[in-house]
Amino acid sequence: MSRALRRRLLAVAVTAATGLTILAGCADPPSPTTPAHRAVMGWLVRDGQACGATAQEVREQAAALVDRGLTELGFTTLYLGCPGTALRGDAGLRRDLAAEGLHLEVLAQGQWPLTEVVSTRMPRAAAFRTAVTRRLMAAGPLLYSGPVAEMTDEVLADVANREIIELSLDDRRAPGAAINGDPDLWSRAIGDQGLLVSLTNGGTGEAERSVPIAALNLAGADSVPAHDVWTGTRLVSADGLLTVRLAASDSALLRIG
């Protein structure tokens, strides 16, 4: 990363941290579903029906997390929306989970972070990526639901994306903001001087989406490098724009620099 670009990224990060708009013009305030919270990773045991999960369901989800390699990536917390029957008549449940490096957290229904769960049962992986992208840009939790053993390989690869996990745990918990009021274009400062930009295709067909470099306060950079965290694709701005081509309902998550 060039020294000039690093200075511009730092300026963006400082601007976001002080509560000013990232844009030279006017940006909509962020609209996450909750204020910024601590970083959270985990799995809700029962998809859409958090209450009433059984000990057997907990054990099955736990086994699948281990079998599919997700515990090694940090998915070690299983959530229940209420005690239900899971903790009755199975005194060894917590002990057995601990033996696998897992633990169980019981929350009240409607309590954060259960309000921000992303289901892995979405009919299209593109829509799943967009849902996760929106959570990340709002500095929300990385909390999934759905039968772990039944995830498609494509969704599993997205869940296991190491850079997505890294970004979700970023110490800077401030949410991003829409760019020029466009709900499909967001920017968020991360780390000491990092910047994320998300672009979403909200249409019904494949389309290009672009973000002006000037809108990111990087107008002085002739060529701004970035890579898409989802695909690994590297790109460089041209004619003052960063441009990606997206399938319907899909999102790109660009890490600048």
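The values are calculated or read from the model by the stated rules, or taken from the named source; none is laboratory data. Just so it is clear, the model here is predicted, and its values are computed rather than measured. As a convention, Cβ positions derive from the backbone with ideal geometry for all residues, glycine included, and neighbour counts pool all protein chains shown. We work out accessible area using only protein heavy atoms, side chains counted, and drop any ligands, DNA or RNA first. Shrake-Rupley method; radii C 1.70, N 1.55, O 1.52, S 1.80 Å.
Scanning region 203-239 for residues that are touching a strand residue (DSSP E or B) at 6+ places or on another chain (Cβ under 6 Å), more than 15 Å from I179 (Cα to Cα) and not β-branched (V, I, T) yields E208, S223, P225, A226, H227, D228, W230, R234, L235. The number of residues in region 95-115 that are assigned to a helix (DSSP H, G or I) and closer than 22 Å to A62 by Cβ comes to 6. Residue selection: L167 satisfies the criterion of being open to solvent by less than 10 Å² (accessible area, probe 1.4 Å), on the phi < 0 side of the Ramachandran plot and hydrophobic (A, V, I, L, M, F, W, C).
Among the residues of region 116-130, just one is among the hydroxyl-bearing types (S, T, Y) and part of a loop (DSSP other than H, G, I, E, B), namely T120.
Just need a number here: residues in region 136-156 that are over 29 Å from I179 (Cβ atoms) and open to solvent by 40 Å² or more (accessible area, probe 1.4 Å).
4
Residues in region 89-116 that are under 13 Å from A53 (Cβ atoms), at pLDDT below 90 and open to solvent by less than 30 Å² (accessible area, probe 1.4 Å): L107, L114. Number of residues in region 59-74 that are closer than 15 Å to E150 by Cα, open to solvent by less than 30 Å² (accessible area, probe 1.4 Å) and part of a helix (DSSP H, G or I) equals 4. All of (1) farther than 18 Å from A62 by Cα; (2) touching a residue at least 24 places away in the same chain (Cβ under 8 Å); (3) in a helix (DSSP H, G or I) hold for A139 with one exception: (3). Take the residues of region 184-193 that are under 16 Å from the mean Cα position of the chain (by Cα) and not acidic (D, E): which is farthest from V244 (Cα to Cα)? By that ranking, first place goes to G191. The set of residues in region 119-135 that are open to solvent by less than 10 Å² (accessible area, probe 1.4 Å) and hydrophobic (A, V, I, L, M, F, W, C) comprises A126, F128, V132. Kindly check whether there is at least one residue in region 79-101 that is closer than 18 Å to M41 by Cα and of a type in the set (S, T, Y). Among the residues of region 79-101, at least one is closer than 18 Å to M41 by Cα and of a type in the set (S, T, Y), which makes the answer yes. Each residue in region 47-58 was checked for being modelled with pLDDT of 80 or more and either of a type in the set (G, A, S) or surrounded by fewer than 18 Cβ atoms within 10 Å (Cβ to Cβ) (or both), and 4 pass. Scanning region 145-159 finds no residues that are farther than 28 Å from L73 by Cβ and in a strand (DSSP E or B).
Of all residues in region 224-246, those that are more than 25 Å from L156 (Cα to Cα) have Cβ atoms under 6 Å from Cβ atoms of residues that are surrounded by 21 or more Cβ atoms within 10 Å (Cβ to Cβ) and polar (S, T, N, Q), 6 or more apart or on another chain, in V224/S237.
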